[in-house]
Amino acid sequence: MNRKRRPGPPRWSETIEWRSAARELPDSDIVVLVGCPDEDEPVWLGWFDAADNRWVSVNADEIEVTWWADVPIGPARPGAPS
């Protein structure tokens, strides 16, 4: 059987570099990916609140973060400046 691959949408890939929260913190109040292995969702969005020295999820819950990474840029929208 000879199958032809159907054309699909273009693909985009990015590398995510995870950083140890014990060794390095992101700029305060910048949303990042957070790694919380003890949570129901082990990877989520959140930020480090330097004023209160705590991690906060986008749901405004205080969370225990072990790893964090910059949010991927994602593919550009058609017609958007590059």
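Observations on the model:
- Filtered residues of the range 46-71 (kept if under 12 Å from the mean Cα position of the chain (by Cα) and either open to solvent by 90 Å² or more (accessible area, probe 1.4 Å) or of a type in the set (D, E, K, R) (or both)): W67, D70
- Flag for W18 being in contact with a Phe, Trp or Tyr (Cβ under 8 Å, 6 or more places away or on another chain), at pLDDT 85 or above and open to solvent by 50 Å² or more (accessible area, probe 1.4 Å): yes
- Tallying residues that are of a type in the set (A, V, I, L, M, F, W, C), assigned to a loop (DSSP other than H, G, I, E, B) and either open to solvent by 90 Å² or more (accessible area, probe 1.4 Å) or touching a Pro at 6+ places or on another chain (Cβ under 9 Å) (or both) within the range 28-45 yields 1.
- Residues that are outside any loop (DSSP other than H, G, I, E, B), under 23 Å from G74 (Cβ atoms) and either touching a helix residue (DSSP H, G or I) at 6+ places or on another chain (Cβ under 7 Å) or charged (D, E, K, R) (or both) do occur in the range 14-27, at least one of them.
- Count - residues of the range 46-67 that are under 18 Å from E24 (Cβ atoms) and either of a type in the set (K, R) or outside any loop (DSSP other than H, G, I, E, B) (or both): 9
- Any pair with Cβ under 8 angstrom, 6 or more apart, that starts in the range 1-21 at a residue that is closer than 30 Å to V65 by Cα and ends at one that is at pLDDT below 95: W12/G74; W12/P75; E14/P72; E14/I73; E14/G74; I16/P72
The values are calculated or read from the model by the stated rules, or taken from the named source; none is laboratory data. A quick note: this is a predicted structure, and the numbers were derived from the prediction, not measured. Glycine gets a Cβ as well: all are built from the backbone with ideal geometry, and neighbour counts include every protein chain shown. The accessibility values were calculated without ligands, DNA or RNA, using every heavy atom of the protein model including side chains. Shrake-Rupley method; radii C 1.70, N 1.55, O 1.52, S 1.80 Å.
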